[in-house]
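For reference, the structure is listed below as C-alpha cells.
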Amino acid sequence: MPGLVSVADTPQRSPSPVPKKAASPSPSGSSKKKAPLLSDASLDNPDLGPFLLKLARDTIASGDGPAKALDFAIRASTSFERCAIQGEPSLDLAMSLHVLAAIYCSLGRFEEAVPVLERAILVPDVDRGPDHALASFSGYMQLGDTFSMLGQVDRSISCYDQGLQIQIQALGDTDPRVGETCRYLAEANVQAMQFDKAEELCKKTLEIHRAHSEPASLEEAADRRLMALICEAKGDYESALEHLVLASMAMIANGQDNEVASIDVSIGNIYMSLCRFDEAIFSYQKALTVFKSAKGENHPSVASVFVRLADLYHRTGKLRESKSYCENALRIYSKPVPGTTAEEIAGGLTEISAVFESVDEPEEALKLLNRAMKLLEDKPGQQSTIAGIEARMGVMYYMIGRYEDSRNSFESAVAKLRASGERKSAFFGVVLNQMGLACVQLFKIDEAAELFEEARGILEQECGPCHQDTLGVYSNLAATYDAMGRVGDAIEILEYVLKLREEKLGIANPDFEDEKRRLAELLKEAGKTRDRKAKSLENLIDPGSKRTKKEGAKRWPGLGFRI
C-alpha cells in the first residue's frame, strides 16, 4: 500500500481479479462472542485497549494463530470505542479497526472486513492534521484492497480515488508518495480496462518520479513498463515500444538483468503485433537465454517465452515449431518448480490454449482452460480472470456447435463480471453479444433480445456507434426484432446503420450491401401483415458476426479473448 506502513496481512490487490466465500458481514465476529464483550466491565479501562492491540500484533508476528489475534483485536476495538471521548475522533480506535480488518482478511473472511473498514474511515477527521489524514488514507486504501479481493473492482477503484484525494490534500500533488499511489491506482484501472484513466495517472506518476529521482531510475523504468502496457492495450504500439526501450536502458544501467529479460519479452510482443517477426524472435531468444541461465530450464519464465515463440511460429506458418514449443511449455507447467504459483500456471495454460484455438484444436484448448479454472477457483481476487476464461470457453463451445454449453459459460462469466463491477466495460458488452448469439441458436429469442439491447447500450457508450463491435450488435438486434415480429424496430435499426455507413464509414464494406438488401426485404414485407411467419433464425443472424469471431485475430488485452 503506497504512502504508509500497514499491517502485514493487509490484502494486496491481485493483478487479475474468484474470492473465497465468506460469512455474512459482521465487524465483531458472531453474536455469541459479542455479548460477553459488551458485558465485560474491564474493557472500560483506558489502558486495556493499547495492551490488547499489542497482544494482537504480537500474536500475528509470532504465528500463534489468527483466531487468537482476532479475539484480542475485537476486544481492543471495543475498549477503544468505550473509552473514546465523546465527539473526539480516536486514532487508536481507527488503528485497531485496521488491524481487525487485516486479521479477517488473513482468514479469508473479506466480507466481514468490509464493515469494519467502513467504520474505520468514519473515525478520523482529516482537518485535524496529517495523522488523521494518514489514518483516513490508510482506511480507504485498505478498503479498496479488500473490495479488490472480493472482485468488486469498481468499488475498489472508488476507494483508491478517495484515498488519493486525501493524500494530495495532506501532502500536495508532487510528493513522491502521491506518485506511488497514482501508480497503484493506474494499475487498478488497467485491471478494470479503463485505459484512458490509467494513462492519465501513469503520466502523473512519471512526472513526479522524474522530479524527485535520478535520470533512468528504477522507479521511472517501472512507470514506463506500465505505460507501455497501457499503450499496447490501446493499440499504440510505437509509443509502447519507445517506453519499453527506455525502461530497458534504465534497467541495464542499474544491473537488473532479469528485469531486462522480462522487458525483452514485452518488446518481442510489440514486434509481433507490428508483424516484425525476425526482431520479435531475436528479443524472445535474448530473454530465453537469460531466464535459462538465471532461473533454470524448468522455470515458468522459460515456459512463458516458449508460449510466445509458439504463437509467433504459428503466425508465420511454421506449425511444427509452434507445436514443439507448446509441448515444451506444457512439460514445464505440468511439473512446476517449487515456488511456482497457481496463478502463473493458470496464466500459462490459458496462453497455450490460445495457440491450440488458433490451429483449430478447440477440444484441446478447452481442456487447458478447464485446468486453468480449477487452479484459480479457490484463489481470492480471481473472479474477473475466471470470467475471462469462461467467456473464451463460451466462444469455443459456440464454434463447435455446443450451444447450451456456450450459453452456460457466458452466463457464468456475465454473473462474475457484474459482481466485479465490469458491467460498463467494452469487454462486458462483447460477452453479452456472444451470449445473445448462443441464445438465438437455442431459440431463446426474448432472452437474446435483452442481451443484445444491454450490449448495445454499453458498446455505444464505450466504443461509439461506428465501432465494428457496436455495428455487429445493431445487426444482431435488428435480426432478433425481425424474428420476434417487431419489424418496425428492425427497420429503424437497419436504417440507422445504413445512414452511419453512408455518412461516416463509407459503403465499400461488404456488409453494406447485405444490410441494404435486408432492409429492402423488411420494407417490402412490412405492409403485408404484422403477424407474418418468422424467418429462419439461421438466415436472420448477421453473417458478419460469425466471420468476425472466427477469422478475427484480435486478442482482447489481458484476457486472451478472441472476438
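Structural remarks
- Positions within segment 124-174 being open to solvent by 10 Å² or more (accessible area, probe 1.4 Å) and at positive phi, in sequence order: Gly129, Gly172
- Within segment 422-446, being of a type in the set (Asp, Glu) and either more than 21 Å from the chain's Cα centre (by Cα) or surrounded by fewer than 24 Cβ atoms within 10 Å (Cβ to Cβ) (or both) holds for one residue alone: Asp446.
- Complete set of residues in segment 366-421 that are of a type outside the set (Gly, Ala, Ser), assigned to a loop (DSSP other than H, G, I, E, B) and over 14 Å from the mean Cα position of the chain (by Cα): Glu377, Asp378, Lys379, Ile400, Arg402
- Among the residues of segment 250-278, those identified as over 14 Å from Phe291 (Cβ atoms) and either in contact with an Asp or Glu (Cβ under 7 Å, 6 or more places away or on another chain) or part of a helix (DSSP H, G or I) (or both) are Ala250, Met251, Ile252, Ala253, Ile267, Asn269, Ile270, Tyr271, Met272, Ser273, Phe277, Asp278.
- Check on Ala490, under 18 Å from Lys516 (Cβ atoms), of a type in the set (Gly, Ala, Ser) and more than 27 Å from the chain's Cα centre (by Cα): yes
- Looking only at residues in segment 307-346 that are open to solvent by less than 30 Å² (accessible area, probe 1.4 Å) and among the small types (Gly, Ala, Ser), the one that is farthest from Glu390 (Cα to Cα) is Ser322.
- Selection within segment 336-361 - at positive phi and of a type in the set (Gly, Ala, Ser): Gly339
- Given (1) crowded, with 21+ Cβ neighbours inside 10 Å; (2) closer than 26 Å to Val190 by Cα, number of the condition Ala449 does not satisfy: (2)
- All told, Ser213 falls short of being buried (at least 22 other Cβ atoms within 10 Å of the Cβ) and either in contact with a helix residue (DSSP H, G or I) (Cβ under 7 Å, 6 or more places away or on another chain) or more than 24 Å from Pro115 (Cα to Cα) (or both).
- Qualifying residue in segment 278-294 (condition: open to solvent by less than 40 Å² (accessible area, probe 1.4 Å), over 24 Å from Asp236 (Cβ atoms) and of a type in the set (Val, Ile, Thr)): no
- Options Glu343, Glu357, Glu297, Glu364: the member that is in contact with a strand residue (DSSP E or B) (Cβ under 9 Å, 6 or more places away or on another chain) and not aromatic (Phe, Trp, Tyr): Glu357
The values are calculated or read from the model by the stated rules, or taken from the named source; none is laboratory data. The structure displayed is predicted, hence computed values, not measured ones. All Cβ positions, even for glycine, are placed from backbone atoms using ideal geometry, and neighbour counts span all protein chains on display. These area figures cover heavy atoms from the full protein model, side chains too; ligands, DNA and RNA do not enter into them. Shrake-Rupley method; radii C 1.70, N 1.55, O 1.52, S 1.80 Å.
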